[in-house]
1. Could you tell me whether Leu532 is open to solvent by less than 10 Å² (accessible area, probe 1.4 Å), more than 35 Å from the chain's Cα centre (by Cα) and of a type in the set (A, V, I, L, M, F, W, C)?
2. Quick test of your reading of the structure: Leu297 fulfils all but one of (1) more than 18 Å from Thr382 (Cα to Cα); (2) in contact (Cβ under 8 Å) with a residue 60 or more places away in the chain; (3) assigned to a strand (DSSP E or B). Name the failing condition by number.
3. In this structure, does Glu354 turn out to be within 24 Å of Cys550 (Cβ to Cβ), open to solvent by less than 30 Å² (accessible area, probe 1.4 Å) and among the acidic types (Asp, Glu)?
4. Do the conditions hold for Thr179, that is, is it modelled with pLDDT of 85 or more and either of a type in the set (Ser, Thr, Tyr) or touching a Lys or Arg at 6+ places or on another chain (Cβ under 7 Å) (or both)?
5. Just to check your reading of the model, which residue among Val199, Val212, Val208 is in the same structural domain as Phe172 (by the TED database), aliphatic (A, V, I, L, M) and touching an Asp or Glu at 6+ places or on another chain (Cβ under 8 Å)?
6. For the range 133-140, state whether one or more residues are surrounded by 14 or more Cβ atoms within 10 Å (Cβ to Cβ) and part of a helix (DSSP H, G or I).
7. Take Tyr187 and tell me if it is assigned by the TED database to the domain that holds Tyr134, at pLDDT below 80 and open to solvent by 60 Å² or more (accessible area, probe 1.4 Å).
Amino acid sequence: MALSWRSWLANEGSKHLFLFFWLSLNVWLFGKTFLLYNQGLQYYYLHQMLGLGLCVSRASASVLNLNCCLVLLPMCRVLLAFLRGSQKVASKKTRRLLDKSKTFHVTCGVTICFFSVLHVAAHLVNALNFSENYNEEFVTLNAANYRGEDPRKLLFATVPGLTGVIMVLVLFLMCTASTYAIRVSNYDIFWYTHNLFFVFYMLLMLHVSGGVLKYQTNLEEHPPGCFNPNKTLRQNLTVPKAFEELFPDSTTEPFPEDLPVPEPFVQNSFMRVCSEQPKFQSHFPETWFWISGPLCLYCVERLYRYIRSNKPVTITSVISHPSNVLEVRMVKDDFEARPGQYVILHCPRVSALESHPFTLTMCPTDTKATFGVHLKVVGDWTERFRDLLLLHSNQDTEILPIFQQRRYPKLYVDGPFGSPFEESLNYEVSLCVAGGIGVTPFASVLNTLLDGWKCYKLRRLYFIWVCRDIESFRWFADLLCMLHSKLWQENRPDYINIQLYLSQTDGIQKIIGEKYQALNSRLLIGRPRWKLLFDDIAKCNRRKTIGVFCCGPNKISKILHKLSNSSNSYGTRFEYNKESFS
């Protein structure tokens with residue numbers, strides 16, 4: 001399969017170039033800081049004491065400052081949703097870069113883990129060197145109290161050491177709980193441990209305030225390696241014992257400055273004379289500058305989200321669909337959303353702390369204020385949520401009429417937030433591929449088209465939906481039929497191309513119901529032949545740019561991604577967009 005470099009650049013090239021730039025920036029920052037501490041005169045005496053451990057610890061710390069600063073920005077969802085709005089960022093390519101925010105967050109997290117290991121290893125060496133290379137001449141420069149002090153005291157009996165140890169433990173919990181296996185098997189562990197980030201940042205603020213590593217402030221008066229006549233005289237002149245007993249303080253007095261310096265100590269052209277002893281001072285904690293801005297921005301956003309979602313929504317209806325899918329419809333004052341966006345639901349009676357994201361399947365419009373979500377009942381949270389909403393577990397019709405609405409549990413909605421599927425209406429031609437419950441983001445798009453399609457750029461939509469059982473198609477069968485009927489009435493039957501694939505069959509090969517005949521004619525058994533599908537779409541849309549949107553299993557996503565990057569003989573370019581769930 002030939003590779004189209006233009007398609008690769010549109011789909012993956014920008015991400016790879018950005019990751020390369022980010023890696024290069026971190027390496028450059030590490031190298032620059034390493035050279036500063038290795039060659040800088042203000043760190044001469046500290047370098048003599050600690051060696052390369054000083055350079056590695058400070059260089060890794062500078063990289064950690066940068067990544068700890070930026071790792072929070074991709075989690076500012078309100079900011080991303082604001083920037084994603086078409087009126088805020090006009091360029092589609094720039095908006096597509098915002099879809100990589102999660103990738104950038106993970107990249108920063110991995111970088112923090114790697115350089116934290118390097119930083120810890122360097123400081124273990126520094127603790128040993130502080131103990132072994134204790135220098136009585138520079139008491140203020142030493143972190144140890146005496147030569148041979150147990151290095152473990154520096155790690156567990158000082159503020160920088162103890163906070164560093166705790167941060168390593170917190171970071172270990174956050175990293176291990178972020179792995180794919182734990183997120184899939186127990187999402188609660190991932191959620192709770194990831195919220196330890198606030199503890200991590202508080203400890204980081206304390207960690208850098210210890211001032212263990214110091215720099216020299218009087219380089220002009222005391223250049224590193226300069227000649228100190230007072231020190232030399234005290235070391236080399238022999239004082240009679242009787243004189244020392246009679247005048248004990250005379251041995252510690254400096255050489256009088258008004259007397260001529262003896263010949264052996266006269267300054268030559270190769271050595272400068274020190275006018276005073278070296279003075280050392282701790283750095284101002286630069287980490288505060290790095291993280292204070294993003295941390296305040298994140299906290300302000302969380303406060304804004306809390307205020308915005310503080311009022312519970314009004315649930316208007318709950319519908320139980322086949323295959324353990326629950327639909328919740330609700331209204332909320334001044335709630336606005338675009339098709340493809342998602343919200344975060346929080347039900348205190350289910351869990352006081354947990355919140356979960358769900359894609360909107362129905363957005364409010366000018367004529368109706370109702371919005372809704374479909375959720376698959378998998379896991380403890382959704383099971384408890386379903387049990388609170390349903391009066392009878394076997395009921396599959398709309399429930400909880402007006403006189404029973406007091407039984408609804410309080411439900412809070414945070415959002416909406418942006419997703420890649422907002423762009424599906426901004427292409428002239430879009431290909432939307434859904435796997436199972438992954439159809440939810442496209443349902444809001446279909447509902448929007450049902451209200452009116454002429455105001456959007458989209459002129460042709462290919463909708464592919466793959467399910468394992470026939471009953472799953474009934475989630476949105478009515479919606480598809482209504483949209484199909486509307487387009488036929490408006491003489492635009494070619495506006496949407498619907499293909500439904502049943503990957504597993506038990507003999508029932510049609511959607512039960514006379515009103516679903518339009519869908520039964522589009523129901524196919526088996527899996528899509530993706531290569532033929534892409535070739536056919538490319539042939540019918542020559543020299544056009546087609547947006548490819550996928551929400552489903554990773555296996556389907558990888559196939560579509562590969563086909564989007566491949567070339568074709570029709571000059572058609574596919575731009576790939578993806579949202580995965582697991």
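The values are calculated or read from the model by the stated rules, or taken from the named source; none is laboratory data. The structure displayed is predicted, hence computed values, not measured ones. Glycine gets a Cβ as well: all are built from the backbone with ideal geometry, and neighbour counts include every protein chain shown. In case anyone asks, the SASA skips ligands and DNA or RNA and just uses the protein heavy atoms, side chains included. Shrake-Rupley method; radii C 1.70, N 1.55, O 1.52, S 1.80 Å.
1. Values: open to solvent by less than 10 Å² (accessible area, probe 1.4 Å): no; more than 35 Å from the chain's Cα centre (by Cα): yes; of a type in the set (A, V, I, L, M, F, W, C): yes.
Here the answer is no, as Leu532 does not meet what is asked.
2. Tallying (1) more than 18 Å from Thr382 (Cα to Cα); (2) in contact (Cβ under 8 Å) with a residue 60 or more places away in the chain; (3) assigned to a strand (DSSP E or B), Leu297 fails exactly one: (3).
3. no
4. Yes, satisfied.
5. Values: Val199 fails: touching an Asp or Glu at 6+ places or on another chain (Cβ under 8 Å); Val212 fails: touching an Asp or Glu at 6+ places or on another chain (Cβ under 8 Å).
Selected residue: Val208, the only one of Val199, Val212, Val208 that is in the same structural domain as Phe172 (by the TED database), aliphatic (A, V, I, L, M) and touching an Asp or Glu at 6+ places or on another chain (Cβ under 8 Å).
6. Among the residues of the range 133-140, not one is surrounded by 14 or more Cβ atoms within 10 Å (Cβ to Cβ) and part of a helix (DSSP H, G or I), which makes the answer no.
7. Working: assigned by the TED database to the domain that holds Tyr134: yes; at pLDDT below 80: yes; open to solvent by 60 Å² or more (accessible area, probe 1.4 Å): yes.
So Tyr187 fits the description; yes.
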